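Peer 1: Below: one structure in C-alpha cells.
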Amino acid sequence: MIRVEGTGKEKTQAFASALNSIHTKVLKESNEVVLRIEPLDVQVLVAEEETFTEKFLFLFLPRTRVTYRVVLNVEIEVTLIEMEKVTFVQKKISDPNGVSNPFRKKKLIQKEES
C-alpha cells in the first residue's frame with residue numbers, strides 16, 4: 001500500500017498527478033529493476049477543492065481560481081527483476097579510454113571491403 005498526493009487545476013489533473021507519482025515512490029523504495037506497476041485498489045483519503053478570488057491590481061477584473069488536491073492509498077502489484085539472482089560474466093579488456101590508432105582502423109576497413 002502506497003500513499004500518494006496530487007494537485008491540479010482540474011479534478012482529473014489532481015488524480016493523474018497522484019497516480020504518476022507512484023512510479024517514483026516505488027523506485028525510491030527498491031533497488032530492483034521495475035518492469036510493471038499495476039494498481040489493484042485505490043482509496044481516496046482526502047479530496048479538497050480550494051477556491052479563491054483573484055483581482056488584477058487588487059481591484060480590477062475579479063476571477064475565481066480553483067485548485068484540487070487528493071491524497072490516495074493505492075494498493076499495487078509490482079513485477080520486477082531481482083538483481084541478486086542475476087549473474088554477470090566478467091570480461092577483462094584493455095583500457096577502453098586508451099589512445100587508438102586511426103591509421104590501423106583504416107587498413108582494417110580497407111581489407112574487409114576487398
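Peer 1: If packing is taken as the mean number of other Cβ atoms within 10 Å per residue, what is the order of 12-21, 44-53, highest first? All intermediate terms of the calculation are to be shown ahead of the outcome.
Peer 2: Numbers: 12-21: 16.4, 44-53: 9.9.
Per-residue Cβ counts within 10 Å, averaged per peptide and sorted highest first, yield 12-21, 44-53.
Peer 1: Read phi for every residue in the range 70-80 and hand back ³J(HN,Hα) as whole Hz from Karplus 6.51 cos²θ - 1.76 cosθ + 1.60, θ = phi - 60°, with x for Gly and Pro.
Peer 2: 10, 10, 10, 9, 10, 8, 10, 10, 10, 9, 9
Peer 1: If you don't mind, another one. Based on the Cβ-Cβ distance from Ala16 to Val46, what FRET efficiency comes out when R0 is 22 Å, to the nearest 0.05?
Peer 2: Values: r = 16 Å, r/R0 = 0.74.
Once the sixth-power term is evaluated, E becomes 0.85.
Peer 1: Eight or more residues apart or on different chains, and alpha-carbon atoms under 24 Å: count the Lys pairs in the range 2-86 matching that. Present the calculation step by step, with values, prior to reporting the outcome.
Peer 2: Numbers: Lys9/Lys25; Lys9/Lys55; Lys11/Lys25; Lys11/Lys55; Lys25/Lys85; Lys28/Lys85.
Count of close lysine pairs: 6.
Peer 1: How large is ³J(HN,Hα), in whole Hz, for each residue of the range 36-51 in order, when computed from phi with the Karplus curve 6.51 cos²θ - 1.76 cosθ + 1.60 and θ = phi - 60°, using x for Gly and Pro?
Peer 2: 3J(HN,Hα) across the range 36-51, in whole Hz: 8, 10, 10, x, 9, 8, 10, 10, 8, 8, 9, 9, 10, 10, 9, 10.
Peer 1: Calculate one ³J(HN,Hα) per residue across the range 21-28 by plugging θ = phi - 60° into the Karplus curve 6.51 cos²θ - 1.76 cosθ + 1.60, and present them in order as whole Hz with x for glycine and proline.
Peer 2: Ordered by residue, 3J(HN,Hα) equals 7, 4, 4, 5, 5, 5, 5, 5 Hz.
Peer 1: Checking a compactness column here: for the range 2-86, what do you get for Rg(Cα) / (2.2 N^0.38 Å), N being the number of residues? It would help to have the intermediate numbers written out before the result.
Peer 2: Working: Rg = 18.4 Å, N = 85, 2.2 N^0.38 = 11.9 Å.
Against the empirical 2.2 N^0.38 Å value, I get 1.54 for the range 2-86.
Peer 1: Would you mind computing, in nm to one decimal, how far apart the modelled labels at Ile2 and Phe60 are, each placed 7 Å from Cα along Cα→Cβ?
Peer 2: 4.7
Peer 1: Going highest first, how would you order 33-41, 85-93, 62-70 by mean Cβ packing within 10 Å? Walk me through the numbers before you get to the answer.
Peer 2: Values: 33-41: 11.1, 85-93: 5.2, 62-70: 13.6.
Result, highest mean first: 62-70, 33-41, 85-93.
Peer 1: Would you mind computing, in nm to one decimal, how far apart the modelled labels at Arg36 and Thr79 are, each placed 7 Å from Cα along Cα→Cβ?
Peer 2: In this crude label model, Arg36 to Thr79 measures out at 0.2 nm.
Peer 1: Can you compute the charge dipole magnitude of the range 2-86 about its Cα centre, using +1 on each Lys and Arg Cβ and -1 on each Asp and Glu Cβ, nothing else charged? Give it in debye, rounded to the nearest 20.
Peer 2: Numbers: 11 positive and 14 negative charges, 111 e Å.
In total the dipole reaches around 540 debye.
Readers should treat all values here as calculations from the given coordinates under stated rules, not as data from a laboratory. This one's a predicted model, so the numbers in the text were calculated from it and none came from an experiment. Using ideal geometry, Cβ is built from the backbone for each residue, glycine included, and neighbour counts are taken over all protein chains shown.
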